[in-house]
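Participant: I'd like to ask you about the structure that follows.
The values are calculated or read from the model by the stated rules, or taken from the named source; none is laboratory data. These figures come from a predicted structure and were not determined experimentally. Every residue, glycine among them, receives a Cβ derived from its backbone with ideal geometry; neighbour counts consider all protein chains shown. With ligands, DNA and RNA removed, areas are computed over all heavy atoms of the protein, side chains included. Shrake-Rupley method; radii C 1.70, N 1.55, O 1.52, S 1.80 Å.
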Amino acid sequence: MNRATDTAETALDFPRRGLLWAAVTYAVATLSLGWPALTGQFLVNPRSDQFIAGYAFREFAASALRETGQVPLWNPYLFGGLPYVAAMHGDIFYPTALLRMVLPTDAAMTWGFIIHIFLAGLVTYVLLRSLGLGFFGALVGGLAYMMSGNVAGLVSPGHDGKLFISSLLPLALFLVVRGVRDGRHWAWGALAITVGLGVLSPHPQLLQYMLLVSGALGLFLAFSDQGSGVMARPIAFRRLGLAAAAVIVGAAMGAIQYLPVREYVAWSPRAAGKSWEAAISYSMPPEEMVNFYVPQFSGMLDRYWGDNLIHLHSEYLGVAVILLAALAFARGWNQGHRKILWFFTGVFVVSLLWALGGYTPFYRLVYAIVPGTKFFRAPSTMLYVVSFSAAVLAAIGTDLAVRRNIGRRYLAGWAIGVLAIGAFGALGGLTSLGVGVADPGQADMVYANDAAVRLGALRATLFAGLAVACLYL
């Protein structure tokens, strides 16, 4: 490569003020979905628990705090009265509660969602840059994560705790990279604060997943060859010890929420744990993996025909994201990001098996050995980790594409596949597949969803075709 070409590619890949350009891109992307907030609208779906109950007890706390100057300890309006802090009435001590001091409750909740979707993209960008990916790879990776169905789609049901943890995941991973790999001492305090915020979110199930992924990355960085040799064992163990200490300090920050919970837990219906049948409820049915590509397949909201009683989230990964992630598999194993590709491929596989819950034997192992699992249900909530790992793989694929490390055979194969899937869906094949896998009593709902599935297949084909064309050009 001559000097002129090298300079041109460097300028292409590392624009000036890259972080600012990324922030502007993510702000536009966020507002492309959240623009009704600019006119004061509440973005939560009226069918959700958040609309029916969550708004009410947040408004109750905000009013009580303004009138008395303190957080209420008792909620007299539910079941004849419940402890307010001990029964975990949402983000009582999380920073978004401050928004309700200056904004109406619905507007404060809406802007809490918007801020966290933006941060999910921006912090993912920062993490990917720290892992050595170029500007465009990191930019696409952040977009892929923040706009995935299982992150952006959390606004509709108002699942704020899930969204908070989803945006904290890339931050925790970034701090693990800076602490364990780079030995930056400031990372430990920042990691403790991040864990503390996760504890206060409060969504213990998704927090557990965040800590598991962060711990796995820490071990990977400490004991694998990162290109400059394997880290000396004393250094590795010292940095892992500091990481564990940061987690303990972060957990202690949540004592204001969880010490009252300990007093209340004896009266909780989850005090004795959950049976296997309860723990695997709301697992992701395997056929709903089709939603990764065509999100309308199993029906949305009141059109849902799958095995679970309700389906307020989305599994959609994005057709372009899938194409770019596949490129990482096809061309990335001998490139500079091979180690990261291996790690996040493993994360993708494990988190997908976890999300499938009781539909595979794998979850028996999880239920038996992972602490806390017996107190949770809905293994499908692990989907945010699936989305994140897919976004990282798409970022690697984008890096390869920017460097023109892509073959025409690959693109020709995808072009044929995209057209085949589009034709199959548009001609009713996905509806027939739905009828084949659904319970017989749900067949009418599958047929009622037919028009949406056909249109969704055509839409997916259009955007997948545009992605192939961009890569070809």
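Participant: Are there trypsin sites (Lys or Arg not before Pro) in the stretch 79-163 that DSSP marks as loop and that have at most 10 other Cβ atoms within 10 Å, and which are they?
Facilitator: none
Participant: Sorted by packing (mean other beta-carbon atoms within 10 Å per residue), highest first, where do 359-370, 202-213 land?
Facilitator: 202-213, 359-370
Participant: Can you give the accessible area of F463, probe radius 1.4 Å, in Å² rounded to 10?
Facilitator: Surface open to solvent at F463 totals about 110 Å².
Participant: Expressed as a whole percentage, what fraction of the accessible surface of the chain belongs to carbon and sulfur atoms when a 1.4 Å probe is rolled over the protein heavy atoms?
Facilitator: 67
Participant: Calculate for the chain the 222 nm mean residue ellipticity that helices alone would give, adding -39,500 (n - 2.57) per DSSP H run of length 4 or more and normalising by residue count, nearest 500 deg cm²/dmol.
Facilitator: After summing the helix terms and dividing by the residues of the chain, the value is -20000 deg cm²/dmol.
Participant: Now for a separate question. So if R0 is 51 Å, what FRET efficiency would Y472 and W74 give, r being the distance between their Cβ atoms, rounded to the nearest 0.05?
Facilitator: For R0 = 51 Å, the calculated efficiency reads 0.20.
Participant: Could you work out how far apart the two model spin labels at L309 and A266 are, taking each label as a point 7 Å from the Cα in the direction of the beta carbon, and quote it in nm?
Facilitator: That separation, rounded to one decimal, is 2.9 nm.
Participant: Further question on the same structure: When all protein chains stay in place, what accessible area (Å², nearest 10, 1.4 Å probe) is found for V24?
Facilitator: Approximately 70 Å² for this residue.
Participant: Per 0.36 nm of contour for each residue apart, how much would the distance between A412 and L462 grow if the chain were fully extended, relative to their Cα-Cα spacing?
Facilitator: Once the chain is fully extended between A412 and L462, it gains 16.4 nm.
Participant: For the stretch 220-320, run through the trypsin sites (Lys or Arg not before Pro) and keep only the ones in DSSP coil with at most 14 other Cβ atoms within 10 Å of their Cβ.
Facilitator: Passing both the DSSP loop test and the Cβ count: R270.
Participant: Taking 0.36 nm per residue of separation and subtracting the Cα-Cα distance, what length does fully extending E277 through W35 add?
Facilitator: Roughly 83.0 nm would be gained on extension.
Participant: Just tell me which aspartates and glutamates come within less than 19 Å, Cα to Cα, of K374; anything on the same chain fewer than 8 places away is out.
Facilitator: Here the aspartates and glutamates satisfying the reach criterion relative to K374 are E277.
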